[in-house]
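Take a look at the structure set out below.
The values are calculated or read from the model by the stated rules, or taken from the named source; none is laboratory data. Remember, predicted model here, so these are calculated numbers, not experimental data. FYI the Cβ positions are ideal-geometry reconstructions off the backbone, even for glycines, and counts take in every protein chain you see. Side chains included, ligands, DNA and RNA excluded: accessible areas come from the protein's heavy atoms. Shrake-Rupley method; radii C 1.70, N 1.55, O 1.52, S 1.80 Å.
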Amino acid sequence: MRIALLGGTGDIGEGLALRFAHDTDHEILIGSRDPEKARDAVEGYEETLEARGVEASIKGFTNEMATDRADIVVLSVPPYYAGDTVDAVAEKLDADTVLVTPAVGMKGDEDGMHYHPPSAGSVTELVAGRTPDEVPVVGAFHNLAAGELSNLEHDLDLDTIVVGEGAAKDAVTALANEIDGLRALDGGPLANAAEVESITPLVINIARHNEELHDVGVKFQ
Ligand SMILES: NC(=O)c1ccc[n+]([C@@H]2O[C@H](COP(=O)([O-])OP(=O)(O)OC[C@H]3O[C@@H](n4cnc5c(N)ncnc54)[C@H](OP(=O)(O)O)[C@@H]3O)[C@@H](O)[C@H]2O)c1
């Protein structure tokens, strides 16, 4: 399968790219608004992987080109740019492409991070509302810490909650389960995304106040 990470030059894009490349045989496409930036990021990811003896298939493209080539597209851009990024690639999406959003709406103040959903109810639902009707949208990877994913020395033991429906949700669940130490749990339909997203500020606040839990995630038992 071909997995595109739009804004794959950023933090969660790097973490997911490294884990997908390290743990799976899928082809990874790093998307960016600037293809040169994407290719530079790919060089860095390849160096990290080569140091661990992994020769992976990763290539850099514009977001549009990456979307055009992909089976699963992960929208790894800040939440306030998610809608515009969907608009920018919409022509390259189709019914056979799954669009995945890990984005979370948050606001920070002196007390910590707070959940701040858009009027759509969640960023996941906002993204679904901006996406052409025939394109399946799935929410996943919201509660993972990019730093923990990027540190390949670290063995994961985490859950990610997947929201969506049908074959698209099954495909993203299977993909998430291919990452060693990550378990995908079914969170129900997209309408449940706000509950999933709202865990992220909690996780960040816990990481901030508990030194030993830097880059903490969630595990349901
Ligand atoms: N960081 C985490 O630990 C984490 C964990 C779970 C979920 N998430 C979610 O993942 C998403 C990305 O988070 P992040 O921390 O990876 O973000 P980030 O590093 O700040 O940005 C990711 C990429 O977004 C692109 N971007 C920046 N401004 C943009 C704009 N105006 N329009 C379109 N693209 C733009 C950039 O790529 P180019 O310049 O190459 O285009 C950038 O490298 C967020 O929605 C966040 O809620 C993050």
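Per-residue SASA remark: His114, around 80 Å² accessible (1.4 Å probe; ligands, DNA and RNA not included). With a Förster radius of 45 Å applied to the C-beta separation of Glu153 and Asp133, the computed FRET efficiency comes to 0.55.
Farthest toward the positive end of the dipole of segment 4-109, out of Ala70, Val100, Thr48, is the Cα of Val100, where the dipole comes from beta carbon charges about the Cα centre. Placing Phe220, Phe61, Phe20 in order of accessible area, with the largest value first and a 1.4 Å probe, yields Phe220, Phe61, Phe20. The peptide list 93-100, 24-31, put in order of mean Cβ contacts within 10 Å with the highest first, becomes 24-31, 93-100.
For segment 51-103, the set of GluC sites (Glu not before Pro) satisfying both a DSSP loop assignment and a count of at most 15 other C-beta atoms within 10 Å is given as Glu55.
Among the DSSP beta bridges whose two residues both lie in the chain, what percent are antiparallel, rounded to the nearest 5? The answer is about 15 percent antiparallel.
Kirkwood hydrodynamic radius computed over the chain comes to 17.2 Å, based on all pairs of distinct alpha carbons. The listed residues Val138, Val54, once ranked by accessible area (1.4 Å probe) with the largest placed first, stand as Val54, Val138. Pairs spanning more than 26 Å between alpha-carbon atoms, out of Lys92/Lys169; Lys92/Lys219; Lys59/Lys92: Lys92/Lys219. Mean residue ellipticity at 222 nm, helices only, the chain: -12000 deg cm²/dmol; runs of at least 4 DSSP H residues each add -39,500 (n - 2.57), and the sum is divided by the number of residues. Would you mind classifying segment 48-149 by shape? Square roots of the alpha carbon gyration tensor eigenvalues, ordered a ≥ b ≥ c; an a/c under 1.5 is rounded, otherwise it is prolate if a/b is larger than b/c and oblate if not. Cα axes put segment 48-149 in the oblate bin. The packing ranking of peptides 35-45, 70-80, highest mean first, is 70-80, 35-45, where packing means the average number of other beta carbon atoms within 10 angstrom of each residue.
Taking all protein chains as they are arranged and a probe of 1.4 Å, the heavy atoms of Met1 leave approximately 100 Å² accessible to solvent. Annotation: peptides 155-162, 101-108, ranked by per-residue average of other Cβ atoms within 10 Å with the highest first, follow the order 101-108, 155-162. The phi torsions of segment 34-51, fed into the Karplus equation with coefficients 6.51, -1.76 and 1.60 and a -60° offset, translate into couplings of 10, x, 5, 5, 5, 5, 5, 5, 4, 4, x, 5, 5, 4, 4, 6, 4, 4 Hz, rounded to whole numbers, with Gly and Pro shown as x.
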